[in-house]
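The values are calculated or read from the model by the stated rules, or taken from the named source; none is laboratory data. This one's a predicted model, so the numbers in the text were calculated from it and none came from an experiment. All Cβ positions, even for glycine, are placed from backbone atoms using ideal geometry, and neighbour counts span all protein chains on display.
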Amino acid sequence: MEILAFEFPAAAEKARRAHIGVVGSGDLEILMDPSTDAKTHAKIQTSVAGFATTWKAVLERFLAQHPEAANIEINDFGATPGTVALRLQQMVEVSRS
Amino acid sequence: MTFTPTLSKDVLELSSRRSYIELNARDRARQLLDDGTFHELLGPFDRVESPWLPIQGIVPQADDGCVVAKGKIDGQPAVVIAMEGKFQGGSIGEVCGMKMAEAFRLARQDNEKGIPTRAVLSLESGGVRLQEANMGELVIAEIYAEMVALRKYTPLIVVITGPTGCFGGMSLAAGLATYVVMTRQARLSMNGPEVIEQEAGKAEFEASNKPFVWSVNGGAQRYATGFADVLVEDDAVAITAAVRDLFRKGQPAQLRTDQYELFIKRLSSLDTSKQWTGEDIRNAWKENAQ
């Protein structure tokens, strides 16, 4: 298991709370809360070590489209970058519903 | 020219059905409660997760795989506890087990205070979580004690639909329930097929032989041999209706656990020198119906 932490600049607009996913094989759970310091903080616990660069790239691509300030916590059980991107997208939809 | 699809009645019926098996634990709890009454207790944002898994290099889940929700069933106060089978095989660790035991305890206290509170447990579980073995076993003992205390006040309904099924400690919890609802896809057994094969060999139990496994511990067999009270299709609406109807039925004449003399009689009629099939057991049960 590896624990990663990233910090990104964010828009003034705050994200809304959302929870999505499951810590099951090839899947992940995401908890999103609004951030109070106009930054987006991401904390990732992943069962697969050694993919920090990939995580950073997937998150950067996501945040380019959704810059709302958020605290994002991810519990990952070996999801592929594609699955991660889909779950992030789903989280945004849930937060807006 | 217009194209008129000619789908069979079976296909149309299947396509209009909403699967319960495919729902996650949270959606199962929401499904079993009356519309708009779902209120989760100790949800993911409360972050009451297993402190033991990360120490052992395993990623935890924010709700520890157990969803506890208050709401109403058929207009009456109710608590629904749903296990998430995809997280650590629905295993019972300290946190998720304690959430379950405390939910039962609070439901009993509400009943004692004159607030009739119903209880449903939707199980997907491989049993105790090996990484938290001792604490898991202790909390399972608490769950049993609370179930026995609570079922005096209200029918306590266990729902087992699969795909994981219900094994180990939680299979005994199912045994303590007032009523058990199962689907054909579900399995209910103390030891899982792989465990039996590993311990006793392929001749005793062939875990890869699915028809054999289901003929022994599948929902249809469990229903036919009196370990389950209702056999339903994998249909969220039908399962919700089955639970509601059991609450309407109220307390049974006799709890399954009070029928131990009958079960002992049936078990002692079995000739253990030969391999029994599911059908043999159904027949033996019929011969010892009383």
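On the stretch given as the range A:6-38, residues that are closer than 13 Å to A:Q90 by Cα and in a strand (DSSP E or B) total 9. Checking the structure you have, find out if any residue of the range A:58-66 is touching a Pro at 6+ places or on another chain (Cβ under 8 Å), charged (D, E, K, R) and touching a residue at least 12 places away in the same chain (Cβ under 8 Å). No, because not a single residue in the range A:58-66 is touching a Pro at 6+ places or on another chain (Cβ under 8 Å), charged (D, E, K, R) and touching a residue at least 12 places away in the same chain (Cβ under 8 Å). Listed by position, the helices (runs of 4 or more DSSP H) inside the range B:228-290 whose residues that are touching a strand residue (DSSP E or B) at 6+ places or on another chain (Cβ under 8 Å) number at least 3 are B:236-249. The number of residues in the range A:26-48 that are at pLDDT below 95 and of a type in the set (G, A, S) comes to 2. Among the residues of the range A:84-97, just one is hydroxyl-bearing (S, T, Y) and out of contact with any strand residue (DSSP E or B) (no Cβ under 7 Å at 6 or more places or on another chain), namely A:S97.
Among residues of the range B:75-99 being in a helix (DSSP H, G or I) and more than 14 Å from chain A (Cβ to nearest Cβ), the one that is farthest from B:M147 (Cα to Cα) is B:E94.
Condition check ((1) within 13 Å of the chain's Cα centre (by Cα); (2) surrounded by fewer than 17 Cβ atoms within 10 Å (Cβ to Cβ); (3) at the interface with another protein chain (Cβ under 10 Å from one of its Cβ atoms)) across all residues:
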position: A:E2; (1), (2), (3): no, yes, yes
position: A:G21; (1), (2), (3): yes, no, yes
position: A:L31; (1), (2), (3): yes, no, yes
position: A:D37; (1), (2), (3): no, yes, no
position: A:A42; (1), (2), (3): yes, no, no
position: A:T53; (1), (2), (3): no, yes, no
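Flag not set for B:R248, criterion: under 17 Å from the mean Cα position of the chain (by Cα) and within 29 Å of B:D74 (Cα to Cα). Give B:Y223, B:Y260 a once-over and let me know the one that is out of contact with any Leu (no Cβ under 8 Å at 6 or more places or on another chain), of a type in the set (F, W, Y) and either crowded, with 16+ Cβ neighbours inside 10 Å or not assigned by TED's automatic domain parsing to the domain that holds B:A174 (or both). One residue alone meets the criteria, B:Y260.
Within the range A:70-90, the set of residues being surrounded by fewer than 23 Cβ atoms within 10 Å (Cβ to Cβ), under 9 Å from the mean Cα position of the chain (by Cα) and part of a helix (DSSP H, G or I) comprises A:A85, A:R87.
Scanning the range B:49-74 for residues that are part of a strand (DSSP E or B) and aliphatic (A, V, I, L, M) yields B:V67, B:V68, B:A69, B:I73. Within the range B:207-224, residues that are in contact (Cβ under 8 Å) with a residue 40 or more places away in the chain and over 14 Å from B:G165 (Cα atoms) sit with their Cβ atoms under 9 Å from residues that are crowded, with 19+ Cβ neighbours inside 10 Å and among the β-branched types (V, I, T), at 6+ positions apart or across chains, in these pairs: B:Y223/B:V180; B:Y223/B:V230.
Listed here are the residues, each with its yes/no results for (1) closer than 14 Å to B:S125 by Cα; (2) part of a strand (DSSP E or B); (3) out of contact with any Cys (no Cβ under 9 Å at 6 or more places or on another chain).
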position	(1), (2), (3)
B:T154	no, no, yes
B:A173	yes, no, no
B:L188	yes, yes, no
B:V195	no, no, yes
B:F205	no, no, yes
B:F212	no, no, yes
B:S215	no, no, yes
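Could you tell me whether B:I281 is assigned by TED's automatic domain parsing to the domain that holds B:F38, β-branched (V, I, T) and either in contact (Cβ under 8 Å) with a residue 40 or more places away in the chain or farther than 22 Å from B:L156 by Cα (or both)? So B:I281 does not fit the description; no.
Candidates are the residues of the range B:38-72 that are surrounded by fewer than 23 Cβ atoms within 10 Å (Cβ to Cβ), among the β-branched types (V, I, T) and touching a residue at least 40 places away in the same chain (Cβ under 8 Å); the one that is farthest from the other protein chains (Cβ to nearest Cβ) is B:V48.
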